[in-house]
Every structure is written in structure tokens, then in C-alpha cells.
Amino acid sequence: MTILDRALLEAVLLGLACGPLSVWLLAYRQAYAAESLAHAMLPGLALAAAAGAPLLLGGAGGVVAAGLLVALAARDRRIGGDVAIAVTVTALFGLGALLALDSETPLADLLFGDLLGVTDSDLVAAAVLAGSVALLLAAGHRPLTAAAFAPLPETRPARVQAALLVLLGAAIVVAVQGLGNLLVLALLVAPGVAVRPLPSLRAQLLAAAAMGAGSGALGVLASDRLGTAAGASVAIVLVLVAVVALLASGGGGDRVRRSPIEALGGRA
């Protein structure tokens with residue numbers, strides 16, 4: 001398998017996993033949560049790179065630590081949850097950048113990923129993520145729908161959203177290997193934005209998976225043809241497709257109900 005083949009397979013698998021997940025992230029208004037977790041996990045990536053440990057391990061630790069700190073910051077009522085989260089995420093991101101200076105892995109690879117350098121273990125992790133996301137979202141479709149669009153105490157919306165955040169964390173940990181902790185946000189948001197005008201939730205989920213995988217493959221092929229960075233090319237294609245889809249539809253319906261700060265803080 002060539003380097004290009006590996007990059008294509010990685011991009012397609014990540015698109016299949018993150019596309020449907022992005023629909024639910026927008027439904028719960030957790031795009032800010034995705035951005036915060038992705039940026040705040042940088043210290044974990046930097047420490048793993050400096051120690052020569054797998055980035056997957058460092059990313060997992062970074063996401064757990066970032067999630068706990070962001071959740072605590074969201075509950076700070078003295079300066080407001082949004083300000084507290086912004087300060088926490090910025091501080092963690094800056095700390096990660098400083099730690100990366102002592103690492104053999106370039107900071108750019110941690111920020112923007114390296115799709116052309118994916119290994120067999122990266123591909124296995126992406127395949128497991130794609131399969132797990134598909135199974136878990138299918139199994140949890142009814143509670144996810146109820147908690148998002150008809151939130152009643154018996155639907156336990158806080159628990160459902162907590163489970164969604166755990167799945168989000170897993171997706172970030174795996175996807176950051178190829179796209180970095182900055183560009184991964186495009187894969188977690190753009191597919192959901194592009195498919196919002198579709199009339200049914202099922203159609204949105206299927207279209208988001210196709211759009212994520214197709215845009216990922218197109219971005220890798222474009223980077224190979226144009227000589228541009230693979231991760232950045234994938235992110236650009238994702239955003240362009242989302243913008244074109246929104247312009248073609250004249251906008252989409254509003255399916256959200258909670259603020260990102262409430263989602264981060266875990267309040268029902």
C-alpha cells in the first residue's frame with residue numbers, strides 16, 4: 001500500500017466516523033465543546049511526543065484532562081462560564097506549545113497532523129473508530145433523538161450528552177493523528193453544517209458520512225495533485241462543501257436547543 005493509499009484510507013475512515021457524529025454535535029450545540037477539547041489536549045500530545053510514547057496515548061490523556069478542566073471552568077459563575085473556558089483552553093494550548101519545543105515531533109505535525117505519515121496502527125484505530133461510532137450511534141439513536149428534540153426528565157438528557165462527549169473525545173483522539181488538533185474541527189463540524197438543510201435526521205446522518213468520506217478523499221487527492229499539505233487540503237474541501245451546500249439551500253433549519261457552555265458544564 002502506497003503512502004497516498006494510506007492517506008486516502010485514513011481520510012475516508014475518519015470521514016465516515018466523524019460525519020454522522022457532527023450531526024449530533026450540532027444538534028446539541030457542542031461545536032464549541034469539540035473545539036475546546038481539541039485545542040486543550042495539546043499538552044498531552046506534546047508530552048507523548050517528547051517521551052517517545054504513542055500520540056494516541058498522549059491524546060487520550062490530554063482529552064481526559066482537558067475535559068475535566070473545561071467542565072470545571074464552565075461552572076465558574078464569578079467571571080462567567082464562557083470566559084473561564086476561554087482562559088482555560090488558551091492556557092492549555094499555550095502550555096502544549098511550550099512543551100512541544102522539547103519534542104522531536106515538530107509542533108506543526110501536532111497542530112496540523114500528518115496524513116501522509118499514517119501507520120498501520122493509525123489505520124486500525126480509524127477503522128475501529130468508524131465501526132464503533134456507527135454501532136453506538138445506531139444503538140443510541142432513540143435516546144439521542146429524545147434528549148435533543150424532546151428533552152424530558154425521563155430521557156436523562158445529561159447522561160445522553162455526557163455519553164456523546166465521551167464519543168467526541170474518542171473521535172478527536174483518533175482523528176488528531178492525521179489532521180492535528182487544529183484542523184480536526186473541520187471534520188467534526190463541516191459535514192453537519194452541510195447536511196442541515198436535509199428534511200430528515202436519517203438523511204442527514206447518511207449524507208454526513210458520505211460527505212465526510214468523500215471530502216476527505218478529495219482533499220487528499222487535491223493535495224497530491226497540487227503539492228499542498230494533505231490535512232489543510234482536507235479541511236479546505238470540507239469547509240468549501242459546507243459553504244456551497246448552505247448557499248445552495250438558502251440556509252438550514254435550527255435543530256439546536258442548548259448553549260455550548262451548558263453542554264460543557266453538563267447542566268441539563
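The values are calculated or read from the model by the stated rules, or taken from the named source; none is laboratory data. Everything numeric here is computed off the predicted structure, so don't read it as measured data. Methodologically, a virtual Cβ is constructed for each residue, glycine included, from the backbone with ideal geometry; neighbour enumeration extends over all protein chains shown.
Data overview
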read-out	value
Which numbered condition residue 43 fails, given (1) surrounded by 24 or more Cβ atoms within 10 Å (Cβ to Cβ); (2) at pLDDT 90 or above	(1)
Neighbours by Cβ (under 6 Å, 6+ apart or cross-chain): first from region 224-249, touching a residue at least 60 places away in the same chain (Cβ under 8 Å); second crowded, with 20+ Cβ neighbours inside 10 Å and among the aromatic types (Phe, Trp, Tyr)	231/112
Residue tally, condition of a type outside the set (Gly, Ala, Ser) and within 20 Å of residue 92 (Cβ to Cβ), over region 152-173	5
Verdict on residue 135 being out of contact with any strand residue (DSSP E or B) (no Cβ under 7 Å at 6 or more places or on another chain), in a helix (DSSP H, G or I) and in contact (Cβ under 8 Å) with a residue 24 or more places away in the chain	no
Top-ranked residue of region 81-107 - restricted to ones that are without any contact (Cβ under 8 Å) to a residue 12 or more places away in the chain and small (Gly, Ala, Ser), ranked as nearest to residue 1 (Cα to Cα)	94
Region 184-230, residues that are of a type in the set (D, E, K, R) and in contact with a Leu (Cβ under 8 Å, 6 or more places away or on another chain)	196, 224
Complete set of residues in region 148-173 that are over 30 Å from residue 57 (Cβ atoms) and either in contact (Cβ under 8 Å) with a residue 24 or more places away in the chain or surrounded by fewer than 16 Cβ atoms within 10 Å (Cβ to Cβ) (or both)	148, 149, 150, 151, 152, 153, 154, 157
